[in-house]
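**Q** Take this structure first; my questions come after.
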Amino acid sequence: MFRRATRIVSILSLAAVLFGCAAAAHALDNGLARTPPMGWNSWNKFACAGLNEKVVRETADTMVANGMKDAGYVYVNLDDCWQTSRDAAGNIVADATRFPSGIKALADYIHSKGLKMGLYTDVGTMTCAKRPGSIGHEYQDAMQYAAWGVDYLKEDWCNTLPGQNAESSYTLMRNALAEATAKTGRPILFSLCEWGSNKPWLWAGPIGNMWRSTDDIQDCWDCKRSWGGNGVVQIIDQLDPIYSYAGPGHWNDPDMLEVGNGGMTTEEYRAHFSLWALLAAPLLAGNDISKMSADTKSILLNKEVIAIDQDPMGIQGHRVKKEGDLEVWSKQLADGGRAVILLNRSAAPAKISASWDDIGYPATLKADVRDLWAAKDLGKLAGSYSAEVPSHGVVMLRVKP
Ligand code: GLA
């Protein structure tokens, strides 16, 4: 379909990603992700084998019916395994068994619900699940995605060529998406997924709307896989030092949510969600939302916690105090307030105290304190606030002078 127009750029693209000679970067100006993107992604629950058209349609229906859409979850993202091959002209081909109606029809359906659709690709020769990657087809694929009605593209980092340059590879796809947008009028959010391997926070601001900063999340509180997979506490420790690189339009991405997938307790999932909100992380539910428990729903739909994530100032919070396993995290908000998390990483309940000094206020300041999970105003307090925090749990506060 887009064969002739893309043949020459394909050859140039290959040279660019190998030798790091992509066109000079200009600031990413696609107007998207002014607050961290919210939605759902298929991978954490459905992985490769479980992804199909029925699951995606049911997910879109549920997001409208259960209030997630109204709470801000708008992207419905297909991860790896939606694609099978390329045709004789090099066009990417969707899996016709799993997606009998095709990607365009699915995008139309998602759009008819007032939602947006995301797709997944890879900078290398193959995706992580060995489906075709985008190398040498960036402009052709970007045009195809735009023609299908895709609103969001995640690009992974598997099966790269030896020495392939990350910044150039992602710049190439950014430019391809910009051209597709110019031709079709469809803006496409760009999500880099190179797992923090090349410190994307140092260079990806002008390239992507978000960049994975860590290896894949695992559905566990405290774990580290030999291949790099991380539990919740491993991820927050890696996100803390890079907080200053995030902002409107360009976010650190600690990976998709595991809330509701069964590997953690409700207390741990509440902490996971709270921390992602304080980190101004993209909030992409990663569970089967058509079969959510009441606890899972109450976590994903807590509008006061979501409001912390979506605060228009777009500052990523960070750790301000650590005493062994007892921590205080704080995020500056647009109204002059702070979101504060008292985090207990230890195996037993413990009292944690946040002083106003810890969160950047004079001790004499009187501020309204609200407990966001208890949905309770705690009064106008000066100096500090202390609370008993459950093991592997949080107390999350909104403090407003
Ligand atoms: C990588 C990514 C994951 C997911 C899988 C799909 O591991 O980091 O988020 O997209 O690939 O194969």
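**Q** What strands (runs of 3 or more DSSP E) lie completely within the range 53-112 and have 1 or more residues being away from the ligand (no atom under 16 Å from the Cβ)?
**A** Output list reads 83-86, 92-94.
**Q** Please verify whether the range 199-216 includes one or more residues that are surrounded by fewer than 20 Cβ atoms within 10 Å (Cβ to Cβ) and of a type in the set (S, T, N, Q).
**A** no
**Q** Something else now. Restricting attention to the range 123-149, report how many residues are more than 16 Å from the ligand (Cβ to nearest atom) and either of a type in the set (Asp, Glu) or within 22 Å of the chain's Cα centre (by Cα) (or both).
**A** Adding up the residues that qualify gives 6.
**Q** Let me ask something else about it. Name the single residue that is nearest to the ligand (Cβ to nearest atom) among those in the range 180-205 being of a type in the set (S, T, N, Q) and more than 26 Å from CYS128 (Cα to Cα).
**A** Top of the filtered list is THR181.
**Q** How many residues are more than 16 Å from the ligand (Cβ to nearest atom), of a type outside the set (Asp, Glu) and part of a helix (DSSP H, G or I) when one looks only at the range 151-169?
**A** So the count comes out to 1.
**Q** Another one. Does ILE242 satisfy the criteria of being of a type outside the set (Ser, Thr, Tyr) and buried (at least 21 other Cβ atoms within 10 Å of the Cβ)?
**A** No.
**Q** Give me a count of the residues in the range 45-100 that are of a type in the set (Lys, Arg) and closer than 21 Å to ALA281 by Cα.
**A** 2
**Q** Also, I was wondering about something else. Scan LEU172, LEU119 and give me the residue that is within 12 Å of the ligand (Cβ to nearest atom) and not in a loop (DSSP other than H, G, I, E, B).
**A** Selected residue: LEU119, the only one of LEU172, LEU119 that is within 12 Å of the ligand (Cβ to nearest atom) and not in a loop (DSSP other than H, G, I, E, B).
**Q** Kindly evaluate ALA180 against the criterion of being surrounded by 24 or more Cβ atoms within 10 Å (Cβ to Cβ) and not in a helix (DSSP H, G or I).
**A** Answer is no for this residue.
We did not get these values from a lab; they are worked out from the coordinates using the rules stated. Please read all numbers here as calculations on a predicted model, not as lab measurements. Heads up, the Cβs are rebuilt from the backbone with ideal geometry, glycines too, and the neighbour counts pull from every protein chain shown.
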